[in-house]
Amino acid sequence: MEELIDVLDENGNRIGEILTKEQIHKKGLCHKIVVITIIDAKGYILMQQRSKSKAVNPEKWDVTVAGHVSSGETSKQAAVREILEEVGISINEKELEHILTYRDIEKIKENYIDNQIYDCYIVKKEKIELNDIKIQESEVEQVKLCNLKEFNEIVLNENIMKRDELYKKIIKYLK
C-alpha cells in the first residue's frame, strides 16, 4: 500500500485531505518532509547516496536521512521512523535538535512537483560505526562519513540534493 500523506496549507497546517504521495506530487500540493543529519562527536557527518532505483534524484548524495511525514505523524515521529528504516539507527525524539524549517516549491518533471515544508534536525552521536549501519537498499545506495572540509567540497562540486538553506546551517553549526 502506498504511503498516505496529509495535505497542508501554506502555513503547514493540515487541511483534512489525505492523499497518496504520488497524488500529492502530481497535483503539487503542500506536504511535510523531514531531513535529519547525524553528526558524531568529532564533527563527522553521516552522508547517504540515494538508491539508483529512486524515481527522483537517483544516486544523488544527501545528509543522513530524509523522508515524507506520513498521515497522522508528527515530524519528530517521522524522523525517528525514517532514521531506523533508512540506516538502522534507533533514536528517541529527545535526540532530535530542530535547526531549520523552510518551504520549497520545484517542478522536478512533468506531473511531479515538490511543494514541501522541510523540518530539519540534527542528531549528535558519540560515535558512528559504518559497519553497524543497516541501509534500506530501496532508498540508500551507500553511506560515508565526511568531515566539514569534505562536506563543503561535496556541496560545491558533487551530485547532491538541493538543500542549500540546510547546508549553510550545518556548516555554521559545525564551525
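The values are calculated or read from the model by the stated rules, or taken from the named source; none is laboratory data. These numbers come from a predicted model, not from an experiment. Neighbour counts run over all protein chains shown; Cβ positions are idealised from the backbone, glycine included.
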In segment 1-47, the residues that are in contact (Cβ under 8 Å) with a residue 24 or more places away in the chain, under 27 Å from ILE133 (Cβ atoms) and among the acidic types (Asp, Glu): GLU3, ASP40
Pairs with Cβ under 7 Å, 6+ apart, first in segment 49-66 and in contact (Cβ under 8 Å) with a residue 40 or more places away in the chain, second of a type in the set (Lys, Arg) and part of a strand (DSSP E or B): ASN57/ARG50; GLU59/ARG50; LYS60/ARG50; ASP62/ARG50
Residue list for segment 64-77, filter: over 14 Å from ILE122 (Cα atoms) and either of a type in the set (S, T, N, Q) or assigned to a helix (DSSP H, G or I) (or both): SER70, SER71, THR74, GLN77
Exclusive hit being out of contact with any helix residue (DSSP H, G or I) (no Cβ under 6 Å at 6 or more places or on another chain), under 22 Å from LYS76 (Cβ atoms), touching a residue at least 60 places away in the same chain (Cβ under 8 Å) and outside any loop (DSSP other than H, G, I, E, B), set TYR118, TYR102: TYR118
Every residue from segment 72-93 that is free of Cβ contacts under 8 Å to residues at least 40 places away in the same chain and either of a type in the set (Ser, Thr, Tyr) or more than 24 Å from ILE18 (Cβ to Cβ) (or both): THR74, SER90, ILE91, ASN92
Scan of segment 152-167 for residues that are at pLDDT below 95 and either in contact with a Gly (Cβ under 6 Å, 6 or more places away or on another chain) or in a helix (DSSP H, G or I) (or both), ordered by number: ASN152, GLU153, ILE154, VAL155, LEU156, ASN157, ASP164, GLU165
Verdict on ILE83 being assigned to a loop (DSSP other than H, G, I, E, B), more than 24 Å from LYS107 (Cβ to Cβ) and either basic (Lys, Arg) or modelled with pLDDT of 95 or more (or both): no
Residue match in segment 70-79 (condition: β-branched (Val, Ile, Thr), touching a His at 6+ places or on another chain (Cβ under 9 Å) and either on the phi < 0 side of the Ramachandran plot or surrounded by fewer than 22 Cβ atoms within 10 Å (Cβ to Cβ) (or both)): no
Qualifying residue in segment 85-98 (condition: surrounded by 14 or more Cβ atoms within 10 Å (Cβ to Cβ) and among the polar types (S, T, N, Q)): no
